[in-house]
1. Mind pulling the angle between the C-alpha long axis of helix 31-46 and the longest principal axis of the chain? Nearest 10 degrees, somewhere in 0 to 90.
2. Would you mind putting 120-127, 61-68, 36-43 in packing order, based on average other-beta-carbon counts within 10 Å, highest first?
3. In whole angstrom, and with the biggest value first, how far do the Cα coordinates of the chain range along each principal axis?
4. If you put +1 on each Lys and Arg Cβ and -1 on each Asp and Glu Cβ, how big is the dipole of region 10-135 around its Cα centre, in Debye rounded to 20?
5. Using the beta-carbon distance between Glu65 and Asp13 and R0 = 22 Å, what value does 1/(1 + (r/R0)^6) give for FRET efficiency, to the nearest 0.05?
6. At what distance in nm do the modelled label points of Gln78 and Val34 sit from each other, each positioned 7 Å from its Cα along Cα→Cβ?
7. Suppose each label sits 7 Å from its Cα in the direction of the beta carbon; what would the Val87-Ser105 distance come out to in nanometres?
Amino acid sequence: MTAVGHPRVVETDFHVRYAETDAMGVVHHAAYLVYFEEGRSQYMRDIGIDYADIEASGYQLPVCEISARFVSSASYGQRVRIRTWVVENRSRRVTFNYEVLLHGSDNILVSGFTRHIWVNAQGGVTRSPETWSSLLAP
């Protein structure tokens, strides 16, 4: 599923940092997981949720599944854009989709998703807080 036509897509732009590249001069595959996290964090901030507030209210949203498809790569100094949107918002889990593109291009470098489960402060699976559930609706 792509971001095209999705009602709520948040875009986050930043430069590739030198520390994110490998010996070949391209972004290391593990760095894209950090990019997903940055996109997800910005998505939540843009809709009025700060992850720190989630934890302060006694909830956590750990990753329980992740997938990434690598098509092309970015290099140090290039600007990348992360598109993030929610594709699934259930009572106990939420799934975010991502597209990583070079800034100014519609060519997708990496696409993927992260699935998260709602847990309480003790780590037990729980229903999502009503406040967050309504804001995360796709």
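Please treat every number below as a calculation from the coordinates, not as lab data. Just so you know, these numbers come straight off a predicted model, no measurement behind them. Cβ atoms come from the backbone with ideal geometry, glycine included; neighbour counts cover every protein chain shown.
1. It works out to around 50 degrees.
2. Result, highest mean Cβ count within 10 Å first: 36-43, 61-68, 120-127.
3. 43, 32, 22
4. Dipole size: approximately 280 debye.
5. About 0.25, to the nearest 0.05.
6. 1.7 nm
7. Placing both labels 7 Å beyond Cα along the Cβ direction yields 2.2 nm.
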